[in-house]
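First up is the structure itself, then whatever we jot down about it.
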Amino acid sequence: MKFVDEAQIRVLAGDGGNGCVSFRREKFIPFGGPDGGDGGDGGSVWLVADEGLNTLVDFRHQRSFKAQRGQGGMGSQMYGKGGEDTEVRVPVGTVVTNVDTDEVIGDLTSHGQRLKVAQGGRGGLGNIHFKSSVNRAPRKSTPGTPGEVRDLKLELRLLADVGLLGFPNAGKSTFIRAVSAATPRVADYPFTTLHPNLGVVRVGTDQSFVIADIPGIIEGAAEGAGLGIQFLRHVSRTSLLLHVVDIQPIDGSDPVEQVRTIETELERFDGELVGRPRWLVINKSDVFSDEAELQAVAQDIVTRLDWKAPWFLVSAAGQVGTWDVCLKVQQFFDAERAAMRDRTEAADDVRMRGD
């Protein structure tokens, strides 16, 4: 299925039903008085996160979603029936933005999470509400209020633990194929990955993490160059970034300059991303037959980058060194979870002591 990570839709909540003007008319009761009922409330529109969906492609075909309007009030103090709500299923990881105000309405990050995006109108009042000692036969009612109408932008951001960064043809797709069951397209030319791919890396029993292969980023991506900002957004949810670089790019470019270029694009897009944990994966070690030369070139890259974080030398195509990367990544997440548990327990102890 084609991956679509952005769509625009219109949601229309149901209008409230009108109040009724009616009078009680029964035998032997000549002055029965008002008995017009209220109108029913209009239905609302909800977005519901569904883990069974992984694309917004359905919204390319249906862009408008409308809830049912409320039924009008009736005589004999009969209230109108409320309109039924409309539920729209969206993938987990969908960010919802109001197109008119550019305000983020909500972020659906878990299965079954619901978000009301358009409130139904209120039902109007029947004339039973307007009777008084000086007005015993009111001919007044109020109409139902209109339901909200909104234009929404839906933006799907992948929910992955690890994001792969790198220039086109750095070997990211080959890496994710080597460590998971994902099968992204691989070829010997740039931009073979046209949409993000997710893979689950299983290290052991109850030990796994999700890795995302992000399409290649080039200079100017934050301003829309290449595949542009539409894929930079996917790294915003990841806890760890693996920066994959070709040890000897086929175009003769400098790997260090490639790393610096992507760092610049990350900072332009979101300055917080530069400070996120990021490890260097120097790929395609199999292009060197001499081990000493390989180590010298890799060390030169690390030295010129002044790289302080962990780094690895791998051959994704030959699956050399890739499993070591996965083990270190799993250790990173295990340590993160242990630290979070410690912080939670410490906070609970403070609350129990009443400090």
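The values are calculated or read from the model by the stated rules, or taken from the named source; none is laboratory data. From a predicted model like this one, the values you see are computed outputs, not experimental measurements. FYI the Cβ positions are ideal-geometry reconstructions off the backbone, even for glycines, and counts take in every protein chain you see. The accessibility values were calculated without ligands, DNA or RNA, using every heavy atom of the protein model including side chains. Shrake-Rupley method; radii C 1.70, N 1.55, O 1.52, S 1.80 Å.
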(Q) Filter the stretch 286-324 down to the residues that are surrounded by 15 or more Cβ atoms within 10 Å (Cβ to Cβ), in a strand (DSSP E or B) and of a type in the set (A, V, I, L, M) and list them by number. (A) Leu313
**Q.** Breaking point among (1) surrounded by 14 or more Cβ atoms within 10 Å (Cβ to Cβ); (2) farther than 30 Å from Ile29 by Cβ; (3) among the small types (Gly, Ala, Ser), for Gly123
**A.** (2)
Q: Any residue in the stretch 50-63 that's closer than 11 Å to Ile9 by Cα: show its pairings with residues that are of a type in the set (Phe, Trp, Tyr) and in a helix (DSSP H, G or I) at Cβ separation under 9 Å, as long as the two are six or more apart or on different chains.
A: none
Q: Note down all Cβ pairs under 8 Å where the first residue falls in the stretch 147-173 and is within 29 Å of Thr101 (Cα to Cα) and of a type in the set (D, E, K, R), the second is assigned to a helix (DSSP H, G or I) and open to solvent by 20 Å² or more (accessible area, probe 1.4 Å), and they're at least six residues apart or on different chains.
A: Arg157/Ser236; Arg157/Arg237
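Every residue, every condition in (1) at pLDDT 85 or above; (2) closer than 30 Å to Met78 by Cβ, yes or no:
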site	(1), (2)
Lys131	yes, yes
Pro138	yes, yes
Thr142	yes, yes
Gly147	yes, yes
Lys153	yes, no
Gly166	no, no
Asn169	no, no
Ser173	no, no
Thr183	no, no
Q) Residues in the stretch 23-62 that are surrounded by 14 or more Cβ atoms within 10 Å (Cβ to Cβ), in contact with a strand residue (DSSP E or B) (Cβ under 7 Å, 6 or more places away or on another chain) and in a loop (DSSP other than H, G, I, E, B): how many? A) 8
Q) Looking at Ala296, is it in contact (Cβ under 8 Å) with a residue 40 or more places away in the chain, farther than 17 Å from Ser239 by Cα and not acidic (Asp, Glu)? A) no
Q) Any residue at all in the stretch 229-240 that is of a type in the set (Ser, Thr, Tyr), part of a helix (DSSP H, G or I), modelled with pLDDT under 90 and surrounded by fewer than 17 Cβ atoms within 10 Å (Cβ to Cβ)? A) yes
Q.
I'd like the full set of residues that are modelled with pLDDT of 90 or more, open to solvent by 50 Å² or more (accessible area, probe 1.4 Å) and among the hydroxyl-bearing types (Ser, Thr, Tyr), limited to the stretch 70-116.
A. Tyr79, Thr101
